[in-house]
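The values are calculated or read from the model by the stated rules, or taken from the named source; none is laboratory data. Just so you know, these numbers come straight off a predicted model, no measurement behind them. Here Cβ is always computed from backbone atoms with ideal geometry, including for glycine, and neighbour counts include all displayed protein chains. With ligands, DNA and RNA removed, areas are computed over all heavy atoms of the protein, side chains included. Shrake-Rupley method; radii C 1.70, N 1.55, O 1.52, S 1.80 Å.
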Amino acid sequence: MAAIEVDKLRNVGILGHGGSGKTSLGEAVLFSAGATQRLGKVDDGSAALDYEPEETKRHISISTAFHSLKWKKWSMNLVDTPGYSTFLPDTIHCMRGFGGAVFVLNPSVGLRVEAERLWTHANERNIRRLLFVSKMDKEESDPTDHVEEILNGLEAKGVPLQIPIGLGENFKGVVDLLTMKAITFDGDSGKSNQADIPEELKKAAEEARLRMMEGVAETDDAMLEKYLEGQELTADEIKQGIRSGVLSGKLLPILYGSATRQIGVSQLMEAIGEYLPSPPEERAVTGINPVTKEEVTRSFDATGPFSAFVFKTVIDPFAGRLSIMRVISGKITSDLAVYNATRQSKEKIGHLLKLEGKKQEAVTEAVAGEVVAAAKLKDVGSGDTLCEEKSPVQYPPLVQSPPAISFALEPKSRADEDKVAPGLQRIMEEDPGVQMHRDEQTREFILSGMGQMHIEVIVEKLKRKYGAEVELKAPKVPYLETIKASSSAQGRYKKQSGGRGQFGDTWLKIEPMQRGKGFEFVNNIVGGAIPKNYIPAVEKGIKEAMASGYVAHFPMVDIRATLYDGSYHEVDSSDMAFKIAGSMGFKNALEKAKPVLLEPVMSMEVTVPEDCMGDAIGDLNSRRGKVLGVEARGHNQIIKAMVPMSEILRYAPDLTSMTSGRGEFQMSLSHYDELPGHMTEKVVKESQTAAGGNGKEKD
Ligand SMILES: Nc1nc2c(ncn2[C@@H]2O[C@H](COP(=O)(O)OP(=O)(O)OP(=O)(O)O)[C@@H](O)[C@H]2O)c(=O)[nH]1
Ligand SMILES: [Mg+2]
């Protein structure tokens with residue numbers, strides 16, 4: 001295999017809302033480039049990028065897929081991500097694998113909540129983007145103004161590279177504003193012809209070209225001067241201007257097309273090559289040196305010391321566990337000894353594979369910027385950094401999304417029982433949105449995920465891959481707990497028994513933190529009141545106490561705990577004693593800290609026909625919902641609302657009967673709010689019943 005030319009490499013993600021046409025676009029790109037022999041279709045299950053049985057059955061993407069291709073002088077690695085909110089945790093993690101993306105938009109659908117979320121994440125990760133307005137064969141009115149409006153809302157500066165020729169069924173191609181030529185396509189063959197701009201589009205094309213030049217000129221003083229003096233910018237200048245505008249994140253080129261009809265696909269590929277960054281042009285990645293804790297910044301440089309970030313794990317039926325990583329500096333080879341900076345352990349690389357849809361191809365090396373999978377590593381999980389032991393670096397870990405829905409799982413038979421836990425363990429390695437724990441009291445498996453469909457997918461996978469059949473029981477709301485006041489207390493653990501005693505003594509202050517901040521531990525011990533080596537044990541004790549809650553045994557969050565005093569005993573103190581003292585101190589402090597329950601609140605978008613709107617809003621209000629606004633979309637109304645999860649668990653059948661099956665909704669976890677006081681008792685009772693009716697402490 002020829003060595004890769006890094007400056008010609010484009011790692012491109014495809015991002016956009018659920019069903020916007022990402023996979024279809026990926027398939028069209030692969031087919032145009034000759035990477036697949038026929039055009040894969042989502043609808044008949046033939047897509048190379050949606051190959052898992054759970055995906056082909058539902059015609060949606062559930063897990064991110066990778067495929068490489070060659071196009072002209074460029075090597076591309078396409079990363080097709082899921083778009084439905086239920087499956088976004090995987091998309092968000094996989095954003096660590098690319099620095100450039102095609103954002104797919106359907107203007108008639110507008111900006112969906114999940115698209116907005118992805119946009120924000122892409123901004124945070126400095127992912128450079130092109131906008132592809134897809135499904136133009138379905139757009140019945142000229143989308144250009146609407147696109148601009150959406151982009152204004154996102155505070156993005158769009159520059160048109162094209163205008164569409166024809167709409168809906170008559171969509172034929174695009175006018176290229178750089179060459180001022182009309183590119184039209186023969187039927188659905190993907191073959192195009194170039195001609196002069198049709199008379200009726202000339203004016204619109206001129207205007208759009210001006211908008212493009214204006215946008216480009218604004219990013220560069222010299223060009224702006226030339227432009228304002230009325231001089232034409234050359235094609236090369238415009239291209240260069242767009243490129244630097246995209247690389248600095250200031251410009252968003254807009255292209256139009258149809259994936260299923262293969263219109264505008266090669267134009268998009270050209271734009272990917274011309275305007276999206278090669279790895280060395282992406283922003284360098286900052287981590288820390290795990291030994292000195294100093295910041296370390298690595299650019300995508302193949303000559304640097306090796307480092308890579310594992311952002312996804314796949315359990316392949318044949319190849320075993322695949323750790324999918326992006327090489328950030330240096331190179332990885334198939335016999336390399338590496339250091340896992342996250343787990344502080346050594347690993348030996350064995351088989352290296354490139355992912356081609358569901359297939360893999362063996363490779364002997366991968367250099368900075370490339371995405372590669374290593375098979376059967378000993379102890380590596382998603383979120384780990386691999387590096388050279390003598391130049392260690394640890395990149396920021398993956399952010400976990402809190403689960404939105406929980407069910408109790410019941411194995412169908414005794415034989416299934418033994419397979420459930422190991423099966424779920426492996427599914428959790430692959431899927432960042434899944435969480436599972438065994439409730440000690442009820443001995444139930446509690447499975448948490450991002451939504452109803454997500455849970456169904458997990459159950460199917462559990463059966464297909466691991467032979468475990470389960471039934472789902474009533475969903476549980478993942479409440480949390482926090483405190484509303486600050487307080488201080490002592491935790492003193494002393495035990496004198498036969499031989500060596502146990503002694504640990506801590507003074508803690510606990511205070512509420514802003515919602516979403518999690519947990520912070522502050523060590524304010526001065527003068528060695530507690531020796532340094534016992535401090536981590538105190539923190540561990542506090543964390544354990546937080547995990548088992550106070551009001552109704554739900555995990556506690558948004559608390560800062562400050563250890564400010566204590567004492568120790570030369571002989572009797574130990575990690576164990578300080579862990580218990582930390583936990584006792586925390587529990588003592590809780591008594592005066594006004595602990596309360598927090599409930600998850602969902603952000604909802606309910607689409608209903610006009611005549612059902614009053615009923616739908618009334619119903620949301622009766623569920624303690626807050627309606628934020630209503631928007632018209634064709635004959636439908638979209639109601640945006642915030643509703644506590646406990647009120648909306650069985651919404652689907654109610655909405656169906658309210659709208660005679662014409663309504664639909666999407667929801668995702670928005671935030672946690674304090675549970676109204678009068679409802680606390682009910683939740684406490686439920687948690688006691690779940691714990692066996694005795695209301696005993698969990699720990
Ligand atoms: N008419 C038309 N239909 C399209 C086009 N692109 C995709 N579709 C259809 O839109 C539906 C969704 O397409 P997908 O490619 O699965 O969309 P996606 O964005 O990958 O969806 P998720 O990955 O599940 O978020 C399918 O029924 C496609 O056939 C297009 O350009 N024109
Ligand atoms: Mg898809």
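A compact table of results
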quantity: Members of segment 443-460 that are of a type in the set (A, V, I, L, M), surrounded by fewer than 23 Cβ atoms within 10 Å (Cβ to Cβ) and part of a strand (DSSP E or B); calculated: 446
quantity: Residues of segment 111-138 that turn out to be open to solvent by 10 Å² or more (accessible area, probe 1.4 Å) and either within 16 Å of ligand 2 (Cβ to nearest atom) or not polar (S, T, N, Q) (or both), as a count; calculated: 14
quantity: Scan of segment 188-206 for residues that are of a type in the set (Gly, Ala, Ser) and touching a residue at least 24 places away in the same chain (Cβ under 8 Å), ordered by number; calculated: 189, 190, 192, 204, 205
quantity: Out of 334, 244, 258, sole residue that is on the phi < 0 side of the Ramachandran plot, modelled with pLDDT of 95 or more and not charged (D, E, K, R); calculated: 258
quantity: Residues located in segment 402-419, provided they are modelled with pLDDT of 90 or more and among the hydroxyl-bearing types (Ser, Thr, Tyr); calculated: 413
quantity: Output for segment 241-278, where each listed residue is in contact with a strand residue (DSSP E or B) (Cβ under 8 Å, 6 or more places away or on another chain) and part of a loop (DSSP other than H, G, I, E, B); calculated: 249, 251, 257, 261, 262, 264, 276, 277, 278
quantity: Selection count where residues are charged (D, E, K, R) and more than 16 Å from ligand 1 (Cβ to nearest atom), scope segment 245-264; calculated: 1
quantity: Cβ-Cβ under 9 Å pairs, at least 6 apart or on other chains, segment 46-60 side basic (Lys, Arg), far side more than 12 Å from ligand 2 (Cβ to nearest atom); calculated: 57/45; 57/460; 58/453; 58/457
quantity: Members of segment 21-72 that are touching a helix residue (DSSP H, G or I) at 6+ places or on another chain (Cβ under 7 Å), among the acidic types (Asp, Glu) and surrounded by 22 or more Cβ atoms within 10 Å (Cβ to Cβ); calculated: 50
quantity: Boolean, residue 315 is open to solvent by less than 30 Å² (accessible area, probe 1.4 Å) and over 25 Å from the mean Cα position of the chain (by Cα); calculated: no
quantity: Selection from segment 257-292 of residues that are out of contact with any Lys or Arg (no Cβ under 7 Å at 6 or more places or on another chain), of a type in the set (S, T, N, Q) and surrounded by fewer than 22 Cβ atoms within 10 Å (Cβ to Cβ); calculated: 260, 266, 267, 286, 289, 292
quantity: Pairs with Cβ under 8 Å, 6+ apart, first in segment 353-369 and more than 19 Å from residue 34 (Cβ to Cβ) and open to solvent by less than 30 Å² (accessible area, probe 1.4 Å), second of a type in the set (D, E, K, R) and part of a loop (DSSP other than H, G, I, E, B); calculated: 369/282
quantity: Matching residues, segment 622-655, being modelled with pLDDT under 85, outside any strand (DSSP E or B) and open to solvent by 70 Å² or more (accessible area, probe 1.4 Å); calculated: 634, 635, 650, 653
quantity: Hits in segment 293-339 - residues which are touching a Leu at 6+ places or on another chain (Cβ under 6 Å) and assigned to a strand (DSSP E or B); calculated: 308, 314, 316, 323, 338
quantity: Unmet criterion (only one of (1) within 13 Å of ligand 2 (Cβ to nearest atom); (2) surrounded by fewer than 22 Cβ atoms within 10 Å (Cβ to Cβ)) for residue 13; calculated: (2)
quantity: Failed criterion for residue 181 (all others in (1) free of Cβ contacts under 8 Å to residues at least 40 places away in the same chain; (2) open to solvent by less than 40 Å² (accessible area, probe 1.4 Å) hold); calculated: (2)
quantity: Conditions (1) out of contact with any Leu (no Cβ under 6 Å at 6 or more places or on another chain); (2) assigned to a loop (DSSP other than H, G, I, E, B); (3) buried (at least 21 other Cβ atoms within 10 Å of the Cβ); (4) not β-branched (Val, Ile, Thr); number of the one not met by residue 527; calculated: (3)
quantity: Residue in segment 382-401 that is buried (at least 22 other Cβ atoms within 10 Å of the Cβ), part of a strand (DSSP E or B), among the hydroxyl-bearing types (Ser, Thr, Tyr) and modelled with pLDDT of 95 or more present; calculated: yes
quantity: Output for segment 139-160, where each listed residue is over 21 Å from residue 239 (Cβ atoms) and open to solvent by 30 Å² or more (accessible area, probe 1.4 Å); calculated: 140, 141, 142, 145, 146, 148, 149, 152, 153, 155
quantity: Count of residues meeting criterion [under 37 Å from the mean Cα position of the chain (by Cα) and open to solvent by 10 Å² or more (accessible area, probe 1.4 Å)] in segment 589-600; calculated: 3
quantity: So residue 537, is it in contact (Cβ under 8 Å) with a residue 12 or more places away in the chain and surrounded by 17 or more Cβ atoms within 10 Å (Cβ to Cβ); calculated: yes
quantity: Residue, nearest to residue 497 (Cα to Cα), within segment 567-588, restricted to residues that are open to solvent by 10 Å² or more (accessible area, probe 1.4 Å) and outside any helix (DSSP H, G or I); calculated: 572
quantity: From 163, 197, residue being open to solvent by 10 Å² or more (accessible area, probe 1.4 Å), in a strand (DSSP E or B) and more than 16 Å from ligand 1 (Cβ to nearest atom); calculated: 163
quantity: Top-ranked residue of segment 55-73 - restricted to ones that are within 11 Å of ligand 2 (Cβ to nearest atom) and not β-branched (Val, Ile, Thr), ranked as farthest from residue 15 (Cα to Cα); calculated: 58
quantity: Segment 349-363, residues that are under 30 Å from residue 46 (Cα atoms) and outside any strand (DSSP E or B); calculated: 351, 357, 358
quantity: Index of the failed condition, residue 551 passing every other in (1) open to solvent by 20 Å² or more (accessible area, probe 1.4 Å); (2) among the β-branched types (Val, Ile, Thr); (3) under 15 Å from residue 588 (Cβ atoms); calculated: (3)
quantity: Filter pass, residue 191 being modelled with pLDDT of 95 or more and open to solvent by 40 Å² or more (accessible area, probe 1.4 Å); calculated: no
quantity: Residues located in segment 461-510, provided they are surrounded by 15 or more Cβ atoms within 10 Å (Cβ to Cβ), in contact (Cβ under 8 Å) with a residue 24 or more places away in the chain and in a helix (DSSP H, G or I); calculated: 461, 462, 465, 466
quantity: Some residue of segment 229-240 being within 29 Å of residue 166 (Cα to Cα), of a type in the set (Asp, Glu), away from ligand 2 (no atom under 16 Å from the Cβ) and open to solvent by 40 Å² or more (accessible area, probe 1.4 Å); calculated: yes
quantity: Residues of segment 301-356 that turn out to be polar (S, T, N, Q) and within 22 Å of residue 291 (Cα to Cα), as a count; calculated: 6
